[in-house]
Each structure stands twice: as structure tokens, then as C-alpha cells.
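Right, one structure below, let's go through it.
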Amino acid sequence: MTRIAIAGLGYWGPNLARNFDELAELTWLCDLDEGLLDRYGARYPQASRTTDFAELVADPELDAVVIATPVPTHYGLAKQALEAGKHVLVEKPPAMHAAEMDELVALAAGRGLVLMPGHLLLYHPGVRKLKELIDSGDLGEVLCLYGNRQNLGIVRTNENALWSLGVHDLSVILYLIGEEPTEAVAHGNAFLTPGVEDVVFCYLRFPSGKIAHMHLSWLDPHKMRKLTVVGKEKMAVFDDMELERKVTIYEKAPWQTAENYGEWQTRTGDIFSPKIANDEPLRLECQHFLALVAGEGDAAQVARDGAVVVRALERLTESLG
């Protein structure tokens, strides 16, 4: 079995530890907080514990490192693990600058290692269904997409709404469209913490003419996790707040011009929700990483796709500033 180390046992690390303990051989736990090491060390007694990342990557028996530490540390730790010959699954985003991400991608490629960003929503069965609808042509030509990721809190002070919330929808939009944007513009404001935008609006334009929009906010009366795809024939909505109807397809579209006023008549048909598997996206993500480590699938493409996300994030950040 693949021997795995988990670095970072704060918010998300315990979920990764739970999955990899069941799917692989969890051999190391790493965190600067010795209290967290004691807590999760008791749960996974077979795993060695350390506060020193260098100690675990020096283990010649270790195959892969999973990094779930704060975002500013991702690049340095991922680079250290790759240089030590370990496969890497790193939470999003793997780096905060495109040049750093390109360096990680080249390092992984040069050493034949897996570098996989933890874009969780790409493994959500509802998002996979949207991709299937788009690629099959069932929606007709896709015209635009827009995402809503809003809530009242949690207001962060160390990363803005674009980097905390936007990376989710951005990775999905790029996955669904399959193109890199030619234009990426963001506008926002820091209402609560100086220099940390808590409300952000993003606009993306793609070579095919498709456009996309993201509304990201910690200051909103609604909790929304929704993505809408508008096609010429049908429209589809992925709503992660829905318990059962994760995806809804609307047979609605512009139809023909009316003779009287030159306006467009619309066509309205059925509204239906296909059955979506309730598999845990994180479990599917972890399984995909292990498959890549085993030599199945295109590891190089996964790393390059992650670089596209970081490049778009950097361009949006530059316009936001």
C-alpha cells in the first residue's frame, strides 16, 4: 500500500487523515501544534509524529505527502517534498504566484512525480454531471456560466474572499469550459479588515467567446453554493446546498424573434433533476491521487490544470489590487 504522510492537522487535515487511513498506509502525522499531534496520534497510533516537516520527507520508505497547512506555506513545503522524491497532494492553491506553481510543475515532471492540487469540487458527482451535460452537447452551445459563493462569515483576516472562496468556483469553471481565460478582471472591497477584500466580483472571458462571472462574499444574508450554466438549448444549475436535487436541468432557451416587436420569444419545457451519486467528493479525490501515484491516469495534465487555476487567480488578484 502507498505510504502517506499528512502535514497539517487543523481544519481540513483530519478529513484527509481519515480517508487515507482507510485507503492507504498512514505512516506520518506532522503539525507544529503538539496538542493536535497528541489528539490525532491517539486515533492513528501506527503513524509516527513530528513537528519537523524535514524529518518526515527524509523517510526513505515514505511514498507521498499530503499538505493541508496554511496557504502561504504550500509552495515551500510542496517543493521540499518533491525535491525529496515524494509524490504530493497539496490543498488549493498549491502556490500564490504563477511562477512558483510553474516551478513545482516542472519539478514534478522532471522527477516523474505526481503534483496534484486539492480541487475538491472537481470530484463532486454533481460537477461531473455538469461536465457530462456540456461535453455531450445536451445543453447546446454554452454561452455563459456564473457562480454564487456567499455567506455571512467566516470573515478571514489572512486571505481574501477571492483566494478563500473563489478558488473553488474558478477551478470548476475552468474545468467545465476547458479553456484558459483571455481576460480576467476582479473588483471588490475590504469592508471589515483593511487590505482583505470580503466582497469580490470576478469576470472571465474565454477564447471561444464564453464568459463567466463569480460573486464571492462573506457579507451576505444568504448561504449560497451555486453554479449556473446557460446553454443555447438548455440551462443547468448545480446547487450544493440542496440535499437531493444537486443538479437541475431547465429546458428553457431563446427560441425565435417575434414578428411584432423584434423581441425574442422563449421556449419553456420540462424541469428535471437527474439522480446524482452521493459519493463523498473527498474520498473520490483521495482515490484519484492514489491512482495517479500507481501510474494510472495523466498526472502531468492534473499538475498543468492546477497551474492554469493559479495563473487565473494571479491575474484576478492583480486587477483587484
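The values are calculated or read from the model by the stated rules, or taken from the named source; none is laboratory data. Please read these numbers as outputs of a predicted model, since none were measured by experiment. Here Cβ is always computed from backbone atoms with ideal geometry, including for glycine, and neighbour counts include all displayed protein chains. The area values use the complete protein model at the heavy-atom level, side chains included, leaving out ligands, DNA and RNA. Shrake-Rupley method; radii C 1.70, N 1.55, O 1.52, S 1.80 Å.
Only residues that are closer than 11 Å to Leu313 by Cβ and in a helix (DSSP H, G or I): list them for the stretch 165-192, please.
If the condition is that a residue be closer than 11 Å to Leu313 by Cβ and in a helix (DSSP H, G or I), then Gly166, Val167, Leu170, Ser171, Leu174 are the ones that fit.
Within the stretch 255-266, does at least one residue satisfy the condition of being β-branched (Val, Ile, Thr), open to solvent by less than 50 Å² (accessible area, probe 1.4 Å) and touching a strand residue (DSSP E or B) at 6+ places or on another chain (Cβ under 7 Å)?
Among the residues of the stretch 255-266, not one is β-branched (Val, Ile, Thr), open to solvent by less than 50 Å² (accessible area, probe 1.4 Å) and touching a strand residue (DSSP E or B) at 6+ places or on another chain (Cβ under 7 Å), which makes the answer no.
Please name all residue pairs, on different chains or six or more residues apart, with Cβ atoms under 7 Å, provided the first residue is in the stretch 284-306 and is on the phi > 0 side of the Ramachandran plot and the second residue is surrounded by fewer than 21 Cβ atoms within 10 Å (Cβ to Cβ).
These pairs meet every condition: Gly297/Ala291.
Restricting the search to the stretch 1-14, which residues are buried (at least 16 other Cβ atoms within 10 Å of the Cβ) and over 21 Å from Lys79 (Cα atoms)?
Pro14
Out of everything in the stretch 173-229 that is touching a strand residue (DSSP E or B) at 6+ places or on another chain (Cβ under 6 Å) and among the small types (Gly, Ala, Ser), what residue ends up being surrounded by the fewest Cβ atoms within 10 Å (Cβ to Cβ)?
Ala190
Looking at (1) β-branched (Val, Ile, Thr); (2) without any contact (Cβ under 8 Å) to a residue 40 or more places away in the chain; (3) in a helix (DSSP H, G or I), can you tell me which one Thr157 breaks?
(3)
Just one of Glu61, Glu132 is surrounded by fewer than 16 Cβ atoms within 10 Å (Cβ to Cβ), closer than 30 Å to Lys223 by Cα and either in contact with a Lys or Arg (Cβ under 9 Å, 6 or more places away or on another chain) or at pLDDT 95 or above (or both); which is it?
Among Glu61, Glu132, only Glu132 is surrounded by fewer than 16 Cβ atoms within 10 Å (Cβ to Cβ), closer than 30 Å to Lys223 by Cα and either in contact with a Lys or Arg (Cβ under 9 Å, 6 or more places away or on another chain) or at pLDDT 95 or above (or both).
Among the residues of the stretch 209-222, are any closer than 22 Å to Gly140 by Cβ, without any contact (Cβ under 8 Å) to a residue 40 or more places away in the chain and not acidic (Asp, Glu)? Full working, then the answer.
At the first step, the residues of the stretch 209-222 found to be closer than 22 Å to Gly140 by Cβ are 209-213.
With the extra rule that they be without any contact (Cβ under 8 Å) to a residue 40 or more places away in the chain, the set shrinks to 209.
Next, from what is left, pick out any that are not acidic (Asp, Glu): 209.
Yes: the stretch 209-222 contains one or more residues that are closer than 22 Å to Gly140 by Cβ, without any contact (Cβ under 8 Å) to a residue 40 or more places away in the chain and not acidic (Asp, Glu).
Quick one: how many residues across the stretch 15-48 are outside any loop (DSSP other than H, G, I, E, B) and open to solvent by less than 20 Å² (accessible area, probe 1.4 Å)?
9
When you scan the stretch 73-99, how many residues do you find that are open to solvent by 30 Å² or more (accessible area, probe 1.4 Å), out of contact with any Leu (no Cβ under 8 Å at 6 or more places or on another chain), free of Cβ contacts under 8 Å to residues at least 40 places away in the same chain and not in a loop (DSSP other than H, G, I, E, B)?
Result for the stretch 73-99: 4.
Here's a check for you: in the stretch 100-124, which residue that is under 20 Å from the mean Cα position of the chain (by Cα) and not in a helix (DSSP H, G or I) is farthest from Phe289 (Cα to Cα)?
His124
Scanning for something among the hydrophobic types (A, V, I, L, M, F, W, C), open to solvent by 20 Å² or more (accessible area, probe 1.4 Å), modelled with pLDDT of 95 or more and farther than 24 Å from Ala303 by Cα, does the stretch 142-155 turn up at least one residue? Step through it out loud before you land on a result.
We begin by selecting, within the stretch 142-155, every residue among the hydrophobic types (A, V, I, L, M, F, W, C); these are 142-145, 152, 154-155.
Remaining after also requiring open to solvent by 20 Å² or more (accessible area, probe 1.4 Å): 143-144, 152, 154-155.
Still in the list and also modelled with pLDDT of 95 or more: 143-144.
Okay, now just the ones that are also farther than 24 Å from Ala303 by Cα, so 143-144.
Within the stretch 142-155 (the criterion being among the hydrophobic types (A, V, I, L, M, F, W, C), open to solvent by 20 Å² or more (accessible area, probe 1.4 Å), modelled with pLDDT of 95 or more and farther than 24 Å from Ala303 by Cα), the answer is yes, since at least one residue qualifies.
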